[in-house]
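Undergrad: Please find one structure pasted underneath; my questions will follow.
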Amino acid sequence: MTEGNKQISVLIAGCRNNERNSQKELYQLLRGYAMKICYRYQNHAEEVEEIMNEGFLKLFKNIHQFDEARHADINVALKGWFKRILINTCIDHYRKNATYLNGKPVSEETENIADRTETGADKLSYKDIVEAIRELSPAYRTVFNLFVIEGLKHEEIAGQLNISVGASKSNLSKARENLRKILLKKNEVKTYVESFR
């Protein structure tokens, strides 16, 4: 067992015994990772912090279910397990707060729009793309992240968010369209600024 795995294993054992110091160390170790996951689904710092902390509470409450003996790299396995907890916590938060789609109640009309693939502007940086995703509405951002980043199918997304498959496809289509518009606008501004250099 590597030194890093030993440290994680000791922290997990401490967390199982509700030792505050172990919980604090594990929190500090995973905090940055957790923030990145939560920011995919929420762009308000206060809500990200709230979701992240709720995810940590679930981690500490269910740490006894994590079996580090089954994994060669405990750190990677723990992060993967925790990622699933965080994503589910983000989904739960979305469900509690999403009764409207872009300020309008979800209706049959919004569920029957077909999905179509769009491409982004190649000149934009990773940072520009991440910022653009954060500008999407919560409904669009959540479906976009679950489909594109997490690799879930529309049926799985619909089940997770308690929406129809059509609504999932519609939200993805609209997310892509809005993302394309945001990225094109960013690209135009970037090109304009570069023309003065």
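Undergrad: Can you go through 136, 152 and tell me which one is at pLDDT 75 or above, under 30 Å from residue 56 (Cβ atoms) and crowded, with 19+ Cβ neighbours inside 10 Å?
TA: 136
Undergrad: Same structure, new question: What about residue 180, is it over 29 Å from residue 58 (Cα atoms), surrounded by 14 or more Cβ atoms within 10 Å (Cβ to Cβ), more than 19 Å from the chain's Cα centre (by Cα) and modelled with pLDDT of 80 or more?
TA: yes
Undergrad: Could you count how many residues in segment 38-49 are of a type outside the set (A, V, I, L, M) and without any contact (Cβ under 8 Å) to a residue 24 or more places away in the chain?
TA: Final tally of qualifying residues: 3.
Undergrad: Can you name the residue in segment 71-115 that is assigned to a helix (DSSP H, G or I) and at pLDDT below 85 and, of all such residues, is farthest from residue 175 (Cα to Cα)?
TA: Per the criteria, the residue is 96.
Undergrad: Among residues belonging to segment 46-85 that are closer than 20 Å to residue 6 by Cβ and among the small types (Gly, Ala, Ser), point out the one that is surrounded by the fewest Cβ atoms within 10 Å (Cβ to Cβ).
TA: Residue satisfying both the conditions and the ranking: 69.
Undergrad: Can residue 97 be described as over 19 Å from residue 22 (Cβ atoms), loosely packed, with under 15 Cβ neighbours inside 10 Å and touching a residue at least 12 places away in the same chain (Cβ under 8 Å)?
TA: In short, yes.
The values are calculated or read from the model by the stated rules, or taken from the named source; none is laboratory data. All figures in this text were calculated on a predicted structure; none of them were measured in a lab. We place every Cβ from the backbone using ideal geometry, glycine too, and count neighbours over all the protein chains shown.
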